[in-house]
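Worksheet for the structure shown next.
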Amino acid sequence: MSIIRSAIKSSLCLRPFDPAISRSSLPFLQEWRKCLSTATEQPPSSPLPPPPSPGGSPIDGLNRPSGSGEGRLYGKFSGFSKHTLKTDVMNVLEGCNVTPEDLRFSYMRTGNLNPAAVYVQFPSRSSYDNAMRAIAKKGRLYRLERATHSQWDPIVPYDGKVVALHGIPPNAIIDDIDRFLSGCLYHPGSIQFLTIQALGYPKRVALVRFTSQTQAMNAYITKNRNFLLNQRIALQVLQ
């Protein structure tokens, strides 16, 4: 019996590969692999919620596309001087479908209220891409990077109608500002005093809102470097 068992075992070990047997076992292997793959497969995710209305809250600066087109994108534009105007930025972003209302200047609360950045609201992704190409043609002087709606929303839009008066004496009051701006058209109740840090010491600044951009620029031309309480005042038009 032991000799017979040995012969049977030997014949099984030396049995050649049979393609027919392999083909017959293929469906079984496929089913087995399918079972393994579905064991770790996650259930299908629920459909995305419907896009919000145009006034809805954006996500990461980008509204979900509505049925009429793409949503807005926001960018942070830098690489300009203290006296840069909205028109200067518009010239750089020419052809990007950006209006002056789509630009907001963010000012540093130190030094001379220099603009830290200009935040831009783009009407579409293609407009943002066009801006990137336009800036690339201008060289490395300017820079544009993605921003969010949470960065754009809290910035106060001065729109070229607010003028900052630098070098206000510590004892100056609103009446002194009124006399200094005599002949200019501005909102008297809009005068605000700020204290900012400049070179390690506090500096007093007054912000005044004028009736129009033209009147603000007129005040800059006629009153810049004039004296208030024997102290020379420098004017800056805020964009």
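Condition check: surrounded by fewer than 19 Cβ atoms within 10 Å (Cβ to Cβ), part of a strand (DSSP E or B) and not assigned by TED's automatic domain parsing to the domain that holds P100. Does T222 satisfy that?
So T222 does not fit the description; no.
Is there any pair linking a residue in the stretch 185-200 that is surrounded by 13 or more Cβ atoms within 10 Å (Cβ to Cβ) to one that is at pLDDT 95 or above and not in a strand (DSSP E or B), with Cβ under 6 Å and at least six apart or on different chains, and which?
Matching pairs, first to second residue: L185/T211; L185/Q215; I191/I174; I191/I177.
Of the numbered conditions (1) surrounded by 12 or more Cβ atoms within 10 Å (Cβ to Cβ); (2) modelled with pLDDT of 95 or more, R143 satisfies every one except a single condition; which is it?
(2)
Any residue that is modelled with pLDDT of 95 or more and out of contact with any strand residue (DSSP E or B) (no Cβ under 7 Å at 6 or more places or on another chain) - is there at least one of those in the stretch 195-209?
no
Residue check: is N112 assigned by TED's automatic domain parsing to the domain that holds S78, touching a helix residue (DSSP H, G or I) at 6+ places or on another chain (Cβ under 6 Å), at pLDDT below 95 and surrounded by fewer than 18 Cβ atoms within 10 Å (Cβ to Cβ)?
Taking the combined requirement at face value, the residue does not satisfy it.
Looking for something modelled with pLDDT under 80, of a type in the set (D, E) and surrounded by 11 or more Cβ atoms within 10 Å (Cβ to Cβ) - is there at least one such residue anywhere in the stretch 29-38?
No: zero hits.
Since G183 meets every condition but one in (1) within 24 Å of T195 (Cβ to Cβ); (2) more than 16 Å from the chain's Cα centre (by Cα); (3) part of a loop (DSSP other than H, G, I, E, B), which condition does it not meet?
It fails just one condition, (1).
Could we say that Q236 is of a type in the set (S, T, N, Q) and either under 16 Å from S106 (Cβ atoms) or loosely packed, with under 13 Cβ neighbours inside 10 Å (or both) here?
yes
State whether the residues of the stretch 154-167 include one that is loosely packed, with under 13 Cβ neighbours inside 10 Å and closer than 30 Å to L73 by Cα.
yes
Find the residue count for the stretch 107-154, including only residues that are in a strand (DSSP E or B) and polar (S, T, N, Q).
Within the stretch 107-154, residues that are in a strand (DSSP E or B) and polar (S, T, N, Q) number 2.
The values are calculated or read from the model by the stated rules, or taken from the named source; none is laboratory data. Note that this is a predicted model, so its numbers are computed, not measured. A quick note on method: Cβ atoms are made from the backbone with ideal geometry, for glycine too, and the neighbour counts reach across all protein chains shown.
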